[in-house]
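Worksheet: the structure to be examined is printed underneath.
The values are calculated or read from the model by the stated rules, or taken from the named source; none is laboratory data. Quick caveat: nothing in here was measured; it's all calculated off a predicted structure. Backbone-built Cβ (ideal geometry, glycine too); neighbour counts: all protein chains shown. Accessible surface is based on the protein model in full, side chains and every heavy atom, while ligands, DNA and RNA are left aside. Shrake-Rupley method; radii C 1.70, N 1.55, O 1.52, S 1.80 Å.
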Amino acid sequence: MLQTPYYLIDKSKLLQNMERIAAVREKSGAKALLALKCFATWSVFDFMRDYMDGTTSSSLNEVRLGHERFGKETHAYSVAYADYEIDEVVSHADKIIFNSIGQLQRFESQSSGITRGLRLNPGVSSSSFDLADPARPFSRLGEWDLKQVDPVMEMITGFMIHNNCENTDFALFDRMLGDIEQKFAPLLKKAEWVSLGGGIHFTGDDYPVDQFAERLKRFSGEYGVQVYLEPGEASITKSTTLETTVLDTLYNGKNLVVVDSSIEAHMLDLLIYRENAKVHPNQGPHRAMVCGKSCLAGDIFGEFDFPEEVKVGDRISFQDAAGYTMVKKNWFNGVKMPAIAIRELDGSLRTVREFDYTDYEQSLS
Ligand SMILES: Cc1ncc(COP(=O)(O)O)c(C=O)c1O
């Protein structure tokens with residue numbers, strides 16, 4: 001038994017997503033790039049590489065990681081590049097997508113050797129969170145005015161449009177793509193490629209993959225463009241758990257359980273979006289509030305139902321711990337950083353990374 005806490009990536013579950021992605025690529029002709037902002041645990045890149053076309057990034061560090069650890073096609077994107085990083089970004093990328101006309105013009109000469117694109121913002125999205133809504137009022141994420149974009153068309157060959165967020169609804173995706181076509185058709189007709197970003201949950205069990213692939217193919221044919229998808233969450237959904245051990249139990253009007261992890265430090269995204277962690281099967285007569293071990297009063301994974309009363313030493317496994325977790329983990333309270341382990345296809349477990357005091361110390365100075 002490995003020492004908890006650790007993130008456990010199960011390759012057989014990851015494989016299900018990879019096979020769905022590969023099927024969409026094949027049926028639609030679209031290319032799929034892993035969004036490193038969501039998942040950048042490179043120990044499984046060798047495994048994922050056969051099913052995807054490359055990576056997309058949101059910074060110099062990510063584009064370098066994508067180039068060096070994943071390979072294949074490497075897209076660079078960032079909300080804003082600094083003068084001191086642009087040359088290195090370009091050296092790692094096949095394509096660079098600028099967020100604004102200002103950045104495109106500023107880095108015109110440095111980026112002239114690679115394919116260039118621009119982010120468009122259609123002003124509609126599927127996000128239910130203001131915080132994560134790229135189409136929020138006054139959004140800085142992309143250009144929206146055709147009249148401004150048209151004059152710079154000779155500098156670019158394509159566009160990136162990311163406006164789906166946790167979208168499980170094909171009809172909504174279809175409608176929003178229709179909006180994009182209506183708004184940007186004159187630009188799309190001049191493009192050679194269009195990336196539709198991430199946020200489309202097309203690897204989910206009930207997603208109508210054939211309809212999705214047909215829609216992508218139709219879009220590609222209509223405008224004569226190579227379509228790209230940038231799945232983050234859809235690539236790794238349900239592949240990973242966070243394994244913890246119960247350190248203490250208390251009663252304060254509710255049964256409280258403290259585990260050797262922290263939602264603040266190890267699953268921060270849930271806390272930001274005020275969502276509960278997931279425990280499976282979450283059934284039974286013994287309800288308990290599962291709390292993290294940091295000093296934050298609200299460091300709470302959620303309330304769950306267990307078949308037996310939870311005791312010190314029990315293991316609790318949080319589901320769906322791959323996306324926006326490992327990339328956001330932090331050293332708050334100096335809480336022990338979860339190791340990273342992989343369950344291979346033959347069932348064997350392999351620890352690929354452990355963190356110790358030196359990592360904590362070296363994260364500051
Ligand atoms: C430009 C871009 N591409 C891809 C993604 C990945 O999205 P998801 O992990 O929801 O698939 C994001 C997420 O914010 C994004 O901003």
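Summary table
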quantity: Within the accessible area of the stretch 12-235 (1.4 Å probe), percent carbon and sulfur; calculated: 46
quantity: Reachable lysines, given that their alpha-carbon falls under 25 Å from the alpha-carbon of K254 and they are not under 8 places away in the same chain; calculated: K278, K293, K311
quantity: Amide H within-cut-off set for L118, under 5 Å, with H built and near neighbours excluded; calculated: F98, G158, F159, M160
quantity: Residues with amide H under 5 Å from that of C165, placed H, sequence gap 5 or more; calculated: S126, S127
quantity: DSSP beta bridge pairing in the chain, given as percent antiparallel to the nearest 5; calculated: 40
quantity: Rounded to the nearest 10 Å², the accessible area of R218 at probe 1.4 Å; calculated: 120
quantity: Note, ³J(HN,Hα) from phi for the stretch 143-154, Karplus 6.51, -1.76, 1.60, rounded to Hz, x at Gly and Pro; calculated: 8, 10, 9, 3, 5, 7, 6, 3, x, 9, 4, 6
quantity: Per residue solvent-accessible surface (Å²) - the chain, probe of 1.4 Å; calculated: 46
quantity: The stretch 12-235 - percent relative contact order, Cα under 8 Å, separation 6 or more; calculated: 22
quantity: Virtual spin-label span in nm between E181 and H286, 7 Å along Cα→Cβ; calculated: 5.6
quantity: Two-decimal log10 I(q)/I(0) for the chain, as the Debye equation yields it once each C-alpha is a single scatterer, q = 0.08, 0.10, 0.14 Å⁻¹; calculated: -0.44, -0.67, -1.19
quantity: Cross-link partners of K72 among lysines (Cα-Cα below 17 Å; sequence separation of 8 or more within a chain); calculated: K31, K95
quantity: Two-site label geometry, I114 and E303: point separation in nm, points 7 Å out along Cα→Cβ; calculated: 5.0
quantity: Förster-model FRET efficiency, 56 Å R0, D130 and D346, C-beta, rounded to 0.05; calculated: 0.80
quantity: Size of charge dipole - the stretch 123-281 - debye, nearest 20, with Cβ of Lys, Arg +1 and Asp, Glu -1, no other charges; calculated: 280
quantity: Per-residue HN-Hα couplings for the stretch 60-66 [Karplus 6.51, -1.76, 1.60; θ = phi - 60°; Hz; x = Gly/Pro]; calculated: 4, 4, 5, 5, 5, 4, x
quantity: Dipole of the stretch 5-126, positive direction: furthest Cα of V124, N99, A76, with charges on the beta-carbon; calculated: V124
quantity: Residue order for S112, S125, S365, S78 - accessible surface, 1.4 angstrom probe, largest first; calculated: S365, S112, S125, S78
quantity: Gyration tensor verdict on the stretch 300-356 (Cα atoms; rounded if a/c is under 1.5, prolate if a/b is larger than b/c, oblate otherwise); calculated: oblate
quantity: Between helix 11-28 and the chain: long-axis angle, C-alpha atoms, 0 to 90°, nearest 10; calculated: 20
quantity: Among V24, Y6, Q226 the positive-end extreme of the charge dipole of the chain (Cβ point charges); calculated: Q226
quantity: Listed pairs K147/K190; K11/K217; K27/K217 exceeding 18 Å between Cα atoms; calculated: K11/K217
quantity: Crossing angle, helix 170-188 versus the chain [Cα axis fit, 0-90 degrees, rounded to tens]; calculated: 30
quantity: Dipole moment magnitude, nearest 20 debye, the stretch 12-235 about Cα centre, only Lys, Arg, Asp, Glu C-beta charged; calculated: 220
